[in-house]
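Derivation of every value follows stated rules applied to the coordinates shown; laboratory data play no part. Quick caveat, the model's predicted, so the values are computed rather than measured. Heads up, the Cβs are rebuilt from the backbone with ideal geometry, glycines too, and the neighbour counts pull from every protein chain shown.
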Amino acid sequence: MPSLLNKTSALALAGALLLSAPSAMAQEILTSRAPDRDQQLLDGAKKEGQVVLYSAAIVNQALRPMAEAFMKKYPFVKVTYWRADTEEIISKLSAEVRAKNVVADLVEGTGVGELAVESGLTVPFTTPATDALPEMYRDPRGNWASTRISYFGLAYNTKLVPADQVPKTYEDLLDPKWKGKLSWRINTSSGTPLFITTIRLTLGEDKAKEYFDKLAQQKIINFGSGSARTLVDRVIAGEIPIALNIFAHHPLISKAKGAPVNTQLLGPVPSTAGTMVVPKGVRHPYAAMLLADFIIAKEGQSIFAKAEYFPVRPDVAPLETLAPVVPKVAGVQELFVSSEKLNRYYESSQKIFEDKFRQ
Amino acid sequence: MTTQIEEPRRPTLPWPALRWPENLRVSPLVLLLIAVLLIAVVPPALFLINASLHETLPDGANGAFTWRFYQQLVSGRFFLPSLVNTMIYACGSAVIAISIGTVQALIVERTNTPGRKLAFLAAIISLGVPHILYTVAWLLLLGRSGPVNDLLSSLFNTTQALDVYSLWGMMLIEGIGFVPLTFLLMSAVLRSTDASFEEAAMMSGASPVRAFASVTLRMALPALAGLTLLIFVKAFESFEVPALVGLAGNVNVITTMIYQSSRHAGSPNYGEAGAYSVCLIIILLGLMFWQSQLSRHAKRYQTITGKGFRPRVIDLGGWRYGASALLVGLFLMVTVIPVAMLAFTSFQPFYGGVSLESFTRLSLENYQALLGPGSFRDSILNTLTLGAMTATLVVPFTALCAWLVVRRAPGAWIIDQIASVPLVFPAIILSVAFLDVFVNSSLPLYGTLLSVILASSVRYLPYGMRYAVAGAMQVHTDLEEAATISGASRARVFFKILAPLLAATLISSWLLIFLLSVQAVSLPLLLVGPGSEVMAVTLFELWQNGQVTELAAMGVLWIALMTCVSVMFHMLTRRHQLSV
C-alpha cells in the first residue's frame, strides 16, 4: 500500500507550522557570493536532506537522469520532482505561494521565468555557474537563470510538401497555395504569441500589421489541443502539411526514425531560454542552490544535451543529429526573445491573434 | 404472475423528521448527507463564483469585484455561436450514444442472442482505452490521410471526401465513445425491470420491436431520462474531442472556450473561465430540475416487488442471429477499431498513418522502453489505490443517498440536486479549485494521493448516483414495508433488503467508477505532487511529449490490465452468484 499522506508533505507541514517562515539566514544563501558558499551549501543541504524540483522537462530522458546524477554526487539530498507544462506549473506555484504552503524549491521550464517573477512568486538568487553563459542568456537582476535553449522553425510533411516548394522565408508563407494548410499552436506563450512577437520585432509594427492582414487570409489552423510536439505528430500523420513555430529539433528526431517530416528554419530564427526560478518562501534554500548549480554546470547541461535539449553553456555541445537547426551552424540569424521581452509583448501579440486569427 | 402498476401516492412509511413546518421537514439522516455533500461541493463552487466575479491579480489572488467577465461573455462574438455548437454537439452525441447503447443493452439483457454476455467484456475493454488515444485512433481512421478518406477518394475520385474536423465528426466520435457507458447503465436499468409486461405484450400479438418500444422502453423512461441527461452533460463538458477535433476545424464549444480563456493570459486567469462555468452550472441545474419533475412519478415504474421477480429473456427465433451480427458490428466499431489502431501504433517507431509501407517497420522498441526503468512502475500502485478508494467511497454513499431520494425522504430531493452539481464543473476548473482548497487546508492533504481520491470522489459522485437511483427506483416499497411492519429498523431494512437487491447494480457502479477515475487526466494533473503520480497523468505526459507510440504501447498494457481487473471482478461476483 502506498501511504496516502506522503511523509514529506506531512513533515513539511509540521515544519512549516513550527517555523512559520524559513529563517532570514537561510534565505541569505540564495544571493550569497561568500568565498565559502560551496561549503555552506553542502552543510545546509545536509541538514535539509531534500529538494523538490518542478519542471517542464521530460521525465524519462531528462528529469530522472538529472535527479539520479545529483543524488549520486550528493547522496545526502533526496531529489523529488513533479513534471507539468508551464501553465500548470504557474498555477500550482501561485497557489502554493499565496497559501504560504510552498512545496517547490526550484522551478524550471520554458516561459516560467519572467511570468513567475512578474507575478511576485519568486525571490532573486545568484549562482556562479551562470558566469559561464553567454551574456544574452543571463538575467542581470538575478531573478532567473537560463537552463536550456529552444530554437523555433517550421515543420513540413515531406510527402505533402516537395522540398523545392517548402516556404523558406516568412514572406513565402503568404503564397495562396498554402491557404488552409498551415497550422500553429494557440494558448501557449511559445506558440502564436512568440510567432507574432517575432514578426513584430523583425518587421516593425506597421509592416507587421500588413503582414498579419495577409497572413490572416491563409486561414491558419488553430491547434489548441496539445504541445508543439503533438502538432508535429499531426504533420507526420499527414493531417496537416505545415506547422509554424514548432521546436526546430522535434522534426529531426522523428526524421531520424524514418518519419516523413523535416524542419525548415525561417530567418530570423526565434529562440527562447528555459529558465529556473526560486519560489518565495522556499523551504530548502541550500539544497535548491546546490541543485541550481548542478543543472547549469557541465554535468547537468550534458544530461539536458543527451535528452535532446540545447544546452545554454557554449562548452557543452548539443547532440550532433540536432546541430543542423542551431542557427549559428545553419548560418541563419538568431533572434533571442528573452522571457522578459516575450512577456512584455504577450498581451498585445495575443490581441493581434484574437482580432485577426481566432475564428 | 401479477405486478401492480400503481398511481403515485405518498409513502406509507413515516420518516423521522425534525419538527419544522410541513414543507421544510428534513430527516436528520438527510440533513447529515446534505452536510457531507455541501462540504464536498461548495468549496469548488465558491471558488468558481468568486473567480468569475473578481479580477485576478498577477499572483492568482482575487482582486476587485467586477461583472466584467459576464459582460464580456454576453457581448463577446464567440459566446452565442459556441453555445449553439455546444448544444448541437451535446444533443447529437447523446442521441448517438443512447440509441446505440440502448439497442445493445436490449439485445443483451432481453433476448437470447448468442454470445450476448461478451458485450460486457467489450464495454469494459473500451472503457479502459484512454480517451485521448481513443480520439486519436478515430482521427487516424477518419482523418485527411486516413484509410476511409483514401478509399472514398479512390472510389469517387474526389480529393477530400470527408472532413472529420467538424460538428458531425465530433458528435460521431464522442457519441460512439459514450456507447459503453450508456450500454452499462442501460443494462443495469433493464436488468431490474420485470419482463412479464413484455411477455404479456408479445402474447397479445405485439412484435418484439413493438414490445420493446412501447413497454420496456416506456417503463425505463425515468432512468432513460436520467441517463440521457448524464450523457448530454458529459458531452457538454467533455474536453478531448472538442480540443482535438473541434479546435482543429475551428468549431468552438464552451469547454474549449473555457480552456482558451483560462490560458490566454499566460498567468493564471480564471475570471472568464469561471463565468463560463457558472453559466454551465445554471443551464445544468435547469435541466436537472426538468428531469426531477419527470421522475416524480417514479413509483409507476417500480417492478421489483415482493411477489417474485425474475427478468426474463425473450426468444428472438431466427432474428437472434441478426442480433448477434449487430452486436459484432457494434463491437467492431466501439472496441476493436480503436484498440486495433492503438495496438498497431504501439509497434511503430513513429506515429504515421496506416499504409502498406507502415507494416514494414514494425518494432518492439516501445515496449522495451516501457519495461525499462520508468514512471510506469512507480505510478501503478498509486493508480489502483486511487480507483479502488474512489469507488469504495462513492458507491455506498450514493446507494444510501439514492434510497432516500427514491423513497422521497423529506428533503432528499436536495441530495439529488447537490450530488449532480459536480457534473458541470469542467475538469480543468475543478482541478484548479481543488488545488486552491487543498493547498490552503490546514490538514496535510496537499500533494497527497488522498487529496486526489477525495477530489475524484466528488467528481464521480453523479455517476454513482445515477447508477444507484436507476436501481433503487425499481425496488417496490412493499418489501421494505413488510420488513418495517415486522419490526426491522431503517438501517436493517437498508442493509438486509435494499443492499442485496441492489448488489448487482452497485457492483457495476463500483467497476465503472473505478475505470473512470483511474483514467481522468485533468483532475489529478495539479493535485498530484512528487511521489503521488498516477498513470493517467503519465499517459498524458507521453502524449504531450509526442511519445505517442510509447503511449500506445502503454495504452495496450493498460487495457490489458484493466481487462484483467474486470474479468477478475466478474468471476468473483459469479462465485457469489451475483450476475453483473
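Once you've got the GNM for chain A with C-alpha springs shorter than 10 Å, pick whichever of A:ALA67, A:ALA228, A:ALA237 has the biggest mean-square fluctuation. Fluctuation is largest for A:ALA237.
With the simple spin-label model, which puts each label point 7 Å out from Cα in the Cβ direction, the A:LYS207 to B:ARG210 separation comes to 8.0 nm. Each of B:LEU46 and B:ALA488 was given a label point 7 Å from its Cα along the Cα-to-Cβ line. The distance between the two points is 4.1 nm. Size descriptors for the range B:22-575 (Cα atoms only): Rg and Dmax, in that order, 23.9, 78 Å.
Which FRET efficiency value, to the nearest 0.05, is calculated for B:LEU121 and B:LEU371 with the Förster distance at 35 angstrom and r the Cβ-Cβ distance? FRET efficiency, B:LEU121 to B:LEU371: 0.85. For an R0 of 41 angstrom, estimate the FRET efficiency from the Cβ-Cβ distance between B:PHE359 and A:GLU320 and round to the nearest 0.05. Using R0 = 41 Å, I get an efficiency of 0.85. Extension gain, A:LYS306 to A:MET136, is 58.9 nm, computed as 0.36 nm per intervening residue step minus the present C-alpha separation. Along the axis of the charge dipole computed for the range B:22-575 (Cβ charges of +1 for Lys and Arg, -1 for Asp and Glu, origin at the Cα centre), the listed residues B:LEU454, B:ALA243, B:ALA119 are led at the positive end by B:ALA119.
Using equal-weight Cα scatterers in the Debye expression, the normalised intensity of the protein assembly as shown in log10 at q = 0.04, 0.09 Å⁻¹ is -0.20, -0.98.
Per-residue Cβ neighbour counts within 10 Å put B:LEU454, A:LEU231, B:LEU404 in the sequence B:LEU454, B:LEU404, A:LEU231, beginning with the fewest. The trypsin sites (Lys or Arg not before Pro) of the range B:37-119 meeting both criteria, a DSSP state outside H, G, I, E and B (loop) and at most 10 other C-beta atoms within 10 angstrom of the site's C-beta, are B:ARG77. Applying both filters, DSSP loop and at most 16 other Cβ atoms within 10 Å, to the chymotrypsin sites (Phe, Trp or Tyr not before Pro) of the range A:46-99 gives A:PHE76.
Compared with the rule-of-thumb size 2.2 N^0.38 Å for a compact globular protein, chain A has a Cα radius of gyration ratio of 1.04. Peptide A:60-72 has a mean shielding of 2, counted as Cβ atoms of other protein chains within 10 Å of each residue's Cβ. Remark: mean inter-chain Cβ contacts per residue of A:227-233 equal 5, using a 10 Å Cβ-Cβ cutoff to other protein chain atoms. Name all residues of the range A:43-72 having a backbone nitrogen under 19 Å from the label point set 7 Å from the Cα of A:GLU299 along its Cα→Cβ direction, giving them as ranges. So the set is A:43-54, A:61-72. Give, as a single signed number, the net charge of other residues whose beta carbon lies under 15 Å from the beta carbon of B:ILE132, with Lys and Arg counted +1 and Asp and Glu -1. Here the count lands on -4.
The GNM of chain A, with springs linking C-alpha atoms under 10 angstrom apart, assigns the highest mean-square fluctuation among A:PRO279, A:PRO327, A:PRO134 to A:PRO134.
For the residues A:GLY300, A:GLY44, A:GLY153, a GNM of chain A with alpha-carbon springs under 10 Å puts the largest fluctuation on A:GLY44. Computed packing ranks the peptides B:396-402, B:557-563 as B:396-402, B:557-563, most packed first, by mean other Cβ atoms within 10 Å. Ellipticity at 222 nm from helices only: DSSP H runs of n ≥ 4 in the protein assembly as shown, each -39500 (n - 2.57), divided by the residue count, give -17500 deg cm²/dmol.
Residues of the range A:337-359 with an amide N closer than 19 Å to a point placed 7 Å from the Cα of B:ARG68 along the Cα-to-Cβ direction: A:344-355. Along the range B:215-231 the Karplus relation, 6.51 cos²θ - 1.76 cosθ + 1.60 evaluated at θ = phi - 60°, assigns HN-Hα couplings of 10, 4, 5, 5, 5, 8, 3, x, 5, 4, 5, x, 5, 4, 4, 4, 5 Hz to successive residues, with x for each Gly and Pro. With a 10 Å cut-off around each Cβ of B:431-438, the average count of Cβ atoms from other chains is 3.
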